[in-house]
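Take a look at the structure set out below.
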Number of protein chains: 2
Amino acid sequence: MAISSRFSVAVHILSLLEISKTERLTSEFIASSVNTNSVVVRRIMGMLNKAGIINTSPGVARAMISRPIAQISLLDVYLAVEIDHQDHLFSIHDKANPNCLVGKNIQHTLEQRFTQAQRAMENELASVTLEQIVTDLLVQDSSIPSTMTTINKG
Amino acid sequence: MAISSRFSVAVHILSLLEISKTERLTSEFIASSVNTNSVVVRRIMGMLNKAGIINTSPGVARAMISRPIAQISLLDVYLAVEIDHQDHLFSIHDKANPNCLVGKNIQHTLEQRFTQAQRAMENELASVTLEQIVTDLLVQDSSIPSTMTTINKG
DNA sequence: GATCCTGTAACTATTATAGTTACAGGTATG
DNA sequence: CATACCTGTAACTATAATAGTTACAGGATC
């Protein structure tokens, strides 16, 4: 299976919070932009909160991004929501036969190489900031000047 | 979820085939080294066969690696067995609200960045050959000179 | 022809994801 | 302070991927 859509949803949420930072967005409203359930949004925002990327307050729609978005990388977001992959993106079969040369050494050998591949991916994510993402979103959207006014809440 | 262990098992199988290339390895025997079921091995070998990395013959234990292992990269193996990830390692939520600036543009924006991260990972895998893996396995195993003679078939 | 092996279908168990309902408890405002 | 709204979270469901297992048709070999 691939890396979950929690990652892309998290970036979506953060972009919304930034672009609409003067407004108070409810999880219900954010969910209507993502097109999912509000609990899914609150769940992911809970992860972002726990990771220190946003600050949320129980009972009130006032999620604040905790630092300038130029200082938040995609890797920060990725690590916040892809908890299972923090350690290892690649699975390695772990019960190989120790009486076999290959079985005995394959795990360690692959771990080295897989870690390197994972690091390359993570470095790429680390090189992109939320600021760049928001800029991309705004540049791509040349036709609609207003940001959130026309959102369809249905 | 992480990248499946099919990848690591596939590298295991190929390493075994290379190191024991003078012998005829049955899927049952390979399975005892990987410590899994022989059907799992045959399934993965079927994928490697379909990808042109090995040549198998129905009914006979004679899988042959199709070209010198210096010409087979980890990426080749990865693409052979991680069919779902060939296109996209990262999932992107795909029904975002088109009436919202973020929802309208997030998919395309993230696709660009995610593809770059995926490419970085794949390039790393492409830079490692099966020959290097087999060398690693042999170097790490300084104590046991014989390769497969002591394998425990139980 | 007997035996061994591969290839593959079919089934099960396990796990992750994502959506949903429900609700306890915080917050705010009139 | 009462009402209304919102968050945080538990619990459940549906779906899908992975991996293991049994079973068997059919190829290969002696």
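The values are calculated or read from the model by the stated rules, or taken from the named source; none is laboratory data. These numbers come from a predicted model, not from an experiment. In this analysis, Cβ positions are derived from the backbone assuming ideal geometry, glycine residues included, and neighbour counts consider all displayed protein chains.
Worth a mention:
- Residue that is nearest to B:Ser5 (Cα to Cα), among those in the range A:126-136 that are among the β-branched types (Val, Ile, Thr) and assigned to a helix (DSSP H, G or I): A:Ile133
- Qualifying residue in the range A:89-112 (condition: over 21 Å from B:Val34 (Cβ atoms), of a type in the set (S, T, N, Q) and either at the interface with chain B (Cβ under 9 Å from one of its Cβ atoms) or within 16 Å of DNA strand C (Cβ to nearest atom) (or both)): no
- Yes/no for A:Val60 being within 15 Å of DNA strand C (Cβ to nearest atom) and surrounded by 18 or more Cβ atoms within 10 Å (Cβ to Cβ): no
Yes or no, residue by residue, for (1) among the charged types (D, E, K, R); (2) within 30 Å of B:Ser5 (Cβ to Cβ); (3) within 11 Å of DNA strand D (Cβ to nearest atom):
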residue: A:Ser15; (1), (2), (3): no, no, no
residue: A:Asn35; (1), (2), (3): no, no, no
residue: A:Met47; (1), (2), (3): no, yes, yes
residue: A:His88; (1), (2), (3): no, yes, no
residue: A:Gln116; (1), (2), (3): no, yes, no
residue: A:Glu124; (1), (2), (3): yes, yes, no
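- Restricting the range B:1-30 to residues that are near DNA strand C (Cβ under 9 Å from one of its atoms) and closer than 20 Å to A:Gly103 by Cα, the residue that is farthest from the other protein chains (Cβ to nearest Cβ): B:Arg24
- Breaking point among (1) among the β-branched types (Val, Ile, Thr); (2) more than 8 Å from DNA strand D (Cβ to nearest atom); (3) more than 14 Å from chain B (Cβ to nearest Cβ), for A:Val60: (2)
- The range A:68-83 residues that are within 10 Å of A:Leu14 (Cβ to Cβ), paired with ones that are acidic (Asp, Glu) and part of a helix (DSSP H, G or I) (beta carbon under 7 Å, 6 or more apart): A:Ile69/A:Glu18; A:Ile69/A:Glu131
- Qualifying residue in the range A:67-78 (condition: within 7 Å of chain B (Cβ to nearest Cβ) and at pLDDT 95 or above): yes
- Restricting attention to the range B:15-33, the residues being in contact with a strand residue (DSSP E or B) (Cβ under 6 Å, 6 or more places away or on another chain) and β-branched (Val, Ile, Thr) number 1.
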